[in-house]
Amino acid sequence: MAAIEELALAVEEGNVKLVTSLIQEALRSGEAPNEILNRGMIDALGNVGEKYRLGEIFVPEMILAARAMKKGVEVLKPYLISDNNRLLGKVLIGTVAGDLHDIGKNLVGMMLENAGFEVVDLGIDVSAQKLIDSVARHPDAVLVGLSALLTTTLPAMRESVHALNGQAFRERIKIMVGGAPVTEEFAKEIGADGYSQNAAEAVVLAKRLLGEDEHEIH
């Protein structure tokens, strides 16, 4: 089994120690850092998310896999930075008020960084006022990404987007939303600029929103 395939399995199983050694092995064998990230970790975490959705695994397994991936990213990050010198813009990301989940948000942030964005992670349970203050504090921010995992926190997402839409700085930022209970229809309804159903699509959406002056949700 190739190192990347072994790495993917180690991530799924939450084996932090093995993840570190397998990344180093893959690098020594000449694998590109982006390939290691995408095939060895992002795809693996995607599989974990799907198993969770189907009820095949539960929260503890998800947490272990996320920790293994986080460690893997720490090991791989210096190589990713040297592998990618582009800077496409500054993005602020956060999980909306009342929601304490961050696995999806963290994955989106990591993928945006790897794609060439500067990411400022506002954390979890982010209030509408904190969002407004953060955008004001980062006048070079061009995109805001909001996540919600709980259906009960969709009203907080609505409130946050409404609050941002009422600010003078709105014309300089795009807003994209995502998370398990979020839909394209909901994103349109609350006035967001875009919706993505997973981390990979979030990168494509972010590039499209900033590359084309449009508000249509893809």
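Suppose the filter is of a type in the set (A, V, I, L, M), within 17 Å of S196 (Cα to Cα) and modelled with pLDDT of 95 or more; does V108 pass it?
no
Please work out if Y79 is over 14 Å from V11 (Cα atoms), in contact (Cβ under 8 Å) with a residue 12 or more places away in the chain, out of contact with any strand residue (DSSP E or B) (no Cβ under 9 Å at 6 or more places or on another chain) and not hydrophobic (A, V, I, L, M, F, W, C).
yes
Among helices (runs of 4 or more DSSP H) lying entirely in the stretch 126-218, which contain 2 or more residues that are without any contact (Cβ under 8 Å) to a residue 40 or more places away in the chain and under 16 Å from the mean Cα position of the chain (by Cα)?
Filter on the stretch 126-218 gives 199-211.
Looking at the stretch 91-100, can you tell me whether even one residue there is at pLDDT below 85, crowded, with 20+ Cβ neighbours inside 10 Å, small (G, A, S) and assigned by TED's automatic domain parsing to the domain that holds L131?
no
Which one is nearest to V126 (Cα to Cα), of the residues in the stretch 179-207 that are at pLDDT below 95 and not aliphatic (A, V, I, L, M)?
My answer is G179.
With the structure loaded, tell me whether Q167 is at pLDDT below 95 and of a type outside the set (A, V, I, L, M) or whether it fails that test.
No, not satisfied.
Would you kindly identify the helices (runs of 4 or more DSSP H) lying entirely within the stretch 1-100 that contain at least 1 residues that are under 30 Å from K207 (Cα atoms) and under 15 Å from the mean Cα position of the chain (by Cα)?
Counting at least 1 such residues, we get 43-53, 59-83.
I'd like to verify a number: residues in the stretch 101-125 that are outside any helix (DSSP H, G or I) and under 15 Å from K90 (Cβ atoms), how many?
Final tally of qualifying residues: 7.
Which of the following residues is among the hydrophobic types (A, V, I, L, M, F, W, C) and more than 18 Å from V108 (Cβ to Cβ): A66, A10?
Of A66, A10, the one residue that is among the hydrophobic types (A, V, I, L, M, F, W, C) and more than 18 Å from V108 (Cβ to Cβ) is A10.
The values are calculated or read from the model by the stated rules, or taken from the named source; none is laboratory data. Nothing here was measured: the structure is a model prediction, and the numbers come from that model. Neighbour counts run over all protein chains shown; Cβ positions are idealised from the backbone, glycine included.
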